[in-house]
Amino acid sequence: MAEERPGAWFGFGFCGFGQELGSGRGHQVHSPSPLRAGVDVCRVSASWSYTAFVTRGGCVELSGSVSGSAGGCRDAWASEGLLLVLRAGPGPEALLQAWAPDSALRGEPLWAHNVVPEAEGEDDPGGEAQTGRLPLLPCARAYVSPRPPFYRPLAPELRARQLELGAEHALLLDAAGQVFSWGGGRHGQLGHGTLEAELEPRLLEALQGLTMAEVAAGGWHSVCVSETGDIYIWGWNESGQLALPTRNLAEDGETVTREATGLNEDGSQVKRTGRVEDGAPAPFIAVQPFPALLDLPLGSDAAKVSCGSRHTAVVTRTGELYTWGWGKYGQLGHKDTTSLDWPRRVEYFVDEQLQVKAVTCGPWNTYVYAVEKGKS
């Protein structure tokens, strides 16, 4: 009988540095595995070689190439060059600290800054599992970059709700549900139809008139989810992370005809190939510089999204998890290392009668928060 609990975190993918990925052994975990501290964890932020976990008791713990812990924390954000920790202060104030990851959170931080949250209680570590707001600061008027200057103010007219950083670009979702992007654009990850860089936040005109609920930035690709559950995706498609035909996967020999197993509306399996209506082979897509609408199997509506370096994960409104893109280390959770250029449901959570509530991707791994079906 399943243990009575509010929910737990699961991990899968690359763990070559000893990242906490449940009971997995070796350098890869190919199927979702419960984290040993999964019941207590409320937030997860994963970099390439280590992961930061924030517990409901307000402790941040590091696992992987670096270790360490600190108490009195409200949030944490991990990158290879910088570890951000938001620590509780007196009253509504909070103290943001930037640490060198190998410092083990000992000694003095590289930089510190006092911030005042927009509203008290927004970052309550005892609340429902989530991925946190960092690198957007609680004041929603600035964000933190892993490269100096660490503190970067936003224009006063930008009322940020969410901010995500890719390898070379940034995405911002404002209070009205509009999406802005800036930074490097050489892989089309900004969504403006060009490969040019943008120094300042620029509105995605292709999405005007559509209200977005969430954004995610991969290494060099971008995804957003609308309030109606639609997915829009753009940028680099080198490993199929846009769920579009890609030459790299075809040349692997595994997807030469781009055959893939999908589901009919009645749940039966069906084969599909990458061919257009006139029978010609579907074109390969290396870069998609404009947002493209993506349909999930069975007409599922999306609720949550996260991106790894070259893979994508989406949670549906019914609590199912779909993943696609680069899968070399098992980060797609399908019990193998196959890369996919189409969304595939992670059957583990269906088989275990679990409903997925949150997902956060590291560059080469994935973390998922799930509850037993029928429980809030």
*So which residues in the stretch 215-254 are of a type outside the set (A, V, I, L, M), at pLDDT 95 or above and farther than 22 Å from Gly184 by Cβ, if there are any at all?*
Ser226, Glu227, Thr228, Gly229, Asp230
*Spot the failing condition for Cys42; the list is (1) at pLDDT 90 or above; (2) in a strand (DSSP E or B), and only one is missed.*
(1)
*Please determine, by comparing only the residues of the stretch 353-376 that are of a type in the set (Gly, Ala, Ser) and either within 17 Å of Arg310 (Cβ to Cβ) or not in a strand (DSSP E or B) (or both), which one is modelled with the highest pLDDT.*
Gly362
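Can you name every residue in the stretch 316-326 that is of a type in the set (Gly, Ala, Ser) and surrounded by fewer than 24 Cβ atoms within 10 Å (Cβ to Cβ)? Before you say what the answer is, go through the steps one by one.
Kept after step one, since they are of a type in the set (Gly, Ala, Ser), are these residues of the stretch 316-326: 319, 325.
Result: Gly319, single match.
Does the stretch 82-97 hold any residues that are modelled with pLDDT of 85 or more and not small (Gly, Ala, Ser), and which are they?
Here is the first cut: in the stretch 82-97, the residues modelled with pLDDT of 85 or more are 82-87, 94-97.
If the condition is that a residue be modelled with pLDDT of 85 or more and not small (Gly, Ala, Ser), then Leu82, Leu83, Leu84, Val85, Leu86, Arg87, Leu95, Leu96, Gln97 are the ones that fit.
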*Residues in the stretch 237-252: is at least one more than 15 Å from Ala302 (Cα to Cα) and in a strand (DSSP E or B)?*
no
*Across the stretch 126-146, which residue is modelled with the lowest pLDDT among those that are in a loop (DSSP other than H, G, I, E, B), crowded, with 20+ Cβ neighbours inside 10 Å and of a type outside the set (A, V, I, L, M)?*
Thr131
*For the stretch 282-324, list the strands (runs of 3 or more DSSP E) that sit wholly inside it and hold at least 2 residues that are of a type in the set (S, T, N, Q) and either at pLDDT below 95 or within 24 Å of Trp364 (Cβ to Cβ) (or both); which are they?*
311-316
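The values are calculated or read from the model by the stated rules, or taken from the named source; none is laboratory data. All of these numbers come straight from a predicted model, not from anything done at the bench. With ideal geometry, Cβ positions are generated from the backbone for all residues, glycine too; neighbour counts draw on all protein chains shown.
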